[in-house]
1. Hey, any idea what % of the stretch 95-139's accessible area is carbon plus sulfur with a 1.4 Å probe?
2. Once you put a point 7 Å from the Cα of ARG101 and another 7 Å from the Cα of ARG134, both along the Cβ direction, what distance in nm separates them?
3. Using amide H atoms built in the peptide plane, which far-off residues or other-chain residues are under 5 Å from TYR306 H to H?
4. For LYS181, go through the aspartates and glutamates and keep the ones whose alpha-carbon is under 12 Å away, minus same-chain ones fewer than eight residues off.
5. To the nearest 10 square angstrom, how much accessible area does TYR384 have with a 1.4 angstrom probe?
6. Enter the accessible area of THR182 (Å², nearest 10), with the probe set to 1.4 Å and all protein chains included.
7. From a point 7 Å beyond the Cα of THR81 in the direction of its Cβ, which residues of the stretch 348-368 have a backbone N at a distance under 15 Å?
8. Please compute the volume of the convex hull spanned by the alpha-carbon atoms of the stretch 325-404 and report it per residue in Å³.
Amino acid sequence: MSAAHRLVIATIAVAFAVAAASAVARPPRGAKATSAMKATSATTADTEPVVVDLDAPTGAEAMAIAGLLPAWEEAINAGATRLTVDRAAAARAVAAGLPVRVVGAGRAALAAWPVCITSLDDLGAWLDDLAAARPDLVTVLDIGDSYCKAAGGCTTPGGDRLPGDDVLVARVTAAASTAPKTGRLWIDGGLHARELATTELMRRTIERLVAGYGVDPNVTWLLDHREVYVGIAMNPDGRRLVELGATGRYGGTPWYWRKNARPGTRPTPCAWPPTTGQHDGVDLNRNHIFKWTASGGSNDACAETYRGRSAGSEPEIAAYEAAVRAVMPDQRPPADIDAAPDDTTGVLINFHSFTNRGTVLTPWGWTTAAPPNADGLIAIGDRYAARVDYARQSALYAVSGNTRDWAYGELGIPAYVIELRGDDFFPRCTDLDATLDPHAAALDLTLALADRPYARIRGPEVAALTASIVPAPGGDGRALRLDAHLDVAGTPARWAAGAEVLFGRAGGPGADWPASLPPSTSPSGGGAALVAGDGAFDSRDEAASLVVDIADLPPGTYYAVVAARGNNGAWGPGRAVGFDVPEVDAPATASATASVGTTATAIGSSTPTPTPTPTPTPTPTSAPTASAPAATWTAAAPPRLWLPIAQRAR
């Protein structure tokens, strides 16, 4: 049976199930009071939560299940295999012949606001305070207004006033770095208001990057050379409505509000108080201008996937698209079959929640056809998914007007929706650290890729890296020894063909950087070459090392950035490790280690002393003894680009 036939049958089954549910809910004419009491008791049982498993539904079946369970549409589309729903909804899905099984009782709805989730007001205050304390690293950008603010305020059917909010994005970078900003990463959360873990991930990511600058060598190198844009709560009106449900007036339980706050087109609201699957507003992840008219969005204003009155009609999406365009150049020709070029720069990740395992969703969502940059998009998605142990897939059925399709379709950048691991929109506080913490290493890797993601993903990765201070060859002075483990797994390269190292310090190498050491601003191929541990670069897993004279570096703290090249010629992402150059009579410092999932030794800026007379380019002296080709380099000179939107006034 074809997918189209299955979809028709499933749709008919859903229609009968919904009609039957409506008939059951309608009391018979002339019913006695005892019947009403029984109906009330049955209704209470129907709303009890149960856990259901989805047994490998086809795309057509998944769409039909989502039609019966609209609140969980996003999770179902992303491949969720287990959901907690009310008993009546589960019964309707089973009655429709869909692959849904009830496996047990579900946990009760959240009774109060989770203490581990920062409220919207506190998020804004925290971000303003952080920017005031660290203006060298954080700038708060007001990219536009929410619907309610643009409309002069909103009033709910219950009489609650929503004045509206600014849509805020934090730019995190070492603003004073002398290094050009060669790559950009955009991440955001809260586009669907009830997905609370996503805004907390944004807050924690900003916090971690700021705390790590000058301490973690990899973060320091990245913020010297990259920019991160963090949309902390992209649907503030919707978030206000989630929080409104948690007030005493409405019983203290947060609402599962997904959409923005635009009033519906009906004379009465879809539901008030809102229900899990029925409320006003526009689904902002169906309102982007790219393929807005394609199948995969609803024209029903009460539906969870209501696409809005027109493409890009919502102020939040207009602001989102304008801000991303301001920092990511348009790099893909307009036809659907046109690929973005190999030197495309920038990556975008739109975070959502939830699926049970966690899922990285790649373009396209609007069609099952493969996008023209499919190999690169899938490879980057797979690398991220491997870091956090998530699944990677495209949508199970069509989704139009979504964020990842817009960012890739219009601009050509690798763009993803990531559904966080979980079992509810409101996370358990005991699970939150385990949900969010694995993303730190994955986001750092993505930021390292962000200057040329389609090209770098084809190159080997530096899986482990150590640095130690050793006696200089010949015994006079000290040198730096670097040991790296190179890995081509998950890349089209057949073996690692070489590796190089560049050097820097917090704030960038600077004009006084010694000519004997290639600076971190050098282009790929311009570093000092490492030597293969077995004498030849010819395997998928390769050990490489280098001993380099650091006599020209004044005392202070530095980072070394190692990158590897595959036999296909592609340079992979860099990884940094820190080291200290001691005073002449001071003892050598302990070695530093940087590997996947670990934090390297602290690194900080130092006050440079006058640059010593340059010495020749370093040559490797690790076994087997061999001279690497002389390293040559020229300073990279791409322009520094900044978001042309005014800084938020405080």
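1. Solvent-exposed carbon and sulfur of the stretch 95-139 make up 59 percent of the total.
2. Label at ARG101, label at ARG134, 4.8 nm between them.
3. ASP283, SER298
4. List returned: ASP224, GLU227, ASP451.
5. 10
6. 50
7. What the label zone holds, given the 15 Å backbone N cut-off, is 355-360.
8. Dividing the Cα hull volume of the stretch 325-404 by its residue count gives 113 Å³.
The values are calculated or read from the model by the stated rules, or taken from the named source; none is laboratory data. Keep in mind it's a predicted model, so treat the numbers as computed, not measured. Reconstructed Cβ throughout: ideal geometry from the backbone, glycine too, with neighbour counts over all protein chains shown. Side chains included, ligands, DNA and RNA excluded: accessible areas come from the protein's heavy atoms. Shrake-Rupley method; radii C 1.70, N 1.55, O 1.52, S 1.80 Å.
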